[in-house]
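The values are calculated or read from the model by the stated rules, or taken from the named source; none is laboratory data. Computed from a predicted model, the values in this text were never measured in an experiment. Every residue, glycine as well, gets a Cβ built from its backbone with ideal geometry; the counts of neighbours run over all protein chains shown.
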Amino acid sequence: MNLDKYFAFVNIVAIVLIAGILLVGDVIVFNLAYVAIFVFAAARTMLSRAKKRVKFYLLAAYLFIMIFQLAVCNEALFATESHGAALLIRKTFGVALMFLSFVVSRYISAGKYAEFYLPSLQEAATISFAELNAGVEQLVRMAGKINEAGKSLSADNVKSIIDELPRHDSFRYVNAGALTKEYFAQAEASLADPHMYIMISNTGSEASEIISVFTQNHFNHASISFDRELQTVISYNGGERLYPPGLNREMIEYLGRKPGASILVYSLDCSAEQKRLILSKVEEINREGSAYNMMGLVLKRSFRPNIMFCSQFVYRMLQFAGMAYFVKSDGKVSPTDLIELDYRRKLQFIKEIKLNSD
């Protein structure tokens, strides 16, 4: 049974509510609207025929979107007093954010995986004991995942991410010149080494903890280095509050934020010319400017060429130098893809670096 019949009335009510919110809504009304949309989208997803994995990713995406919406609402839209046209513009942007979950739902679910439906009474009455038992087991497993997610989505972690959001911009460059002349001199000196070095990290940062809820993987950061001693490590990151988010240098000791944090280091054969191509591209990005692609984590796309997230950056550099060893849209490349999709065994494992271990 298609949900169109069930949601036709809801859509009409939604239009009326949105108009009311735009006219008289304040920060509390907007926050309640974002939470209500999350609940609605989550319920709709749970009633779909989508695969369990797809449902999980959708729910994670909706949760991320709600956190983003609440952060923008409280830290930007209503952070300062405004009146008249200025207030209307802010509210209009806030209303536009309400459709983000539905855009993601349509792109991921309706277009690719699932037909949404509500079960008929006859279908509901024919649920077998085995199906019921399987459902209970699934709920137990889900409860375990929710418990783990609750630890990652702690108040401190979420507050840290919200505090960090104003520094990010997914539409314009906010970082330029973060890499110094000394850095490029070090990288230039490593051109004789016939390898690039790829690293994936379990950093334990607040962002990494929350991303792990979405990816179900603890290795959620990727970096590259021009030298084996890892003195020239770079990636897209938040800048450690010393530099703006975007292309920045990384020091190994700052990648570990919690006991058990670790880094896996791999080497990839390359020519001096390929290495020089990557270095020239890094110089270009450093000169033109960059920004961390936070929205791309959900939307899987960039709004400008130099706006990327970590694994997207690493993959693009490999592509640019003709060194990519698998084919995938760069916006969909996760850090672990860099290792798991190495079907031709192009990478050589170098070492694991354990940080803050007892």
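Data table
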quantity	calculated
Residue 325 being on the phi < 0 side of the Ramachandran plot, of a type in the set (Phe, Trp, Tyr) and within 21 Å of the chain's Cα centre (by Cα)	no
Residue tally, condition touching a Lys or Arg at 6+ places or on another chain (Cβ under 8 Å) and at pLDDT below 70, over segment 11-50	2
Hits in segment 262-304 - residues which are more than 23 Å from residue 196 (Cα to Cα) and aliphatic (A, V, I, L, M)	291, 294, 295, 297, 298, 299
Scan of segment 282-303 for residues that are surrounded by 16 or more Cβ atoms within 10 Å (Cβ to Cβ) and charged (D, E, K, R), ordered by number	300
Members of segment 241-250 that are part of a strand (DSSP E or B) and not small (Gly, Ala, Ser)	247, 248, 249
Residue identified as surrounded by fewer than 21 Cβ atoms within 10 Å (Cβ to Cβ) and either in contact (Cβ under 8 Å) with a residue 24 or more places away in the chain or under 30 Å from residue 192 (Cβ atoms) (or both) among 319, 312	319
Among (1) touching a Leu at 6+ places or on another chain (Cβ under 8 Å); (2) at pLDDT 75 or above; (3) of a type outside the set (Asp, Glu), the one test that residue 105 misses	(2)
Residue within segment 263-276 that is under 30 Å from residue 99 (Cα atoms), out of contact with any helix residue (DSSP H, G or I) (no Cβ under 9 Å at 6 or more places or on another chain) and surrounded by 15 or more Cβ atoms within 10 Å (Cβ to Cβ) present	no
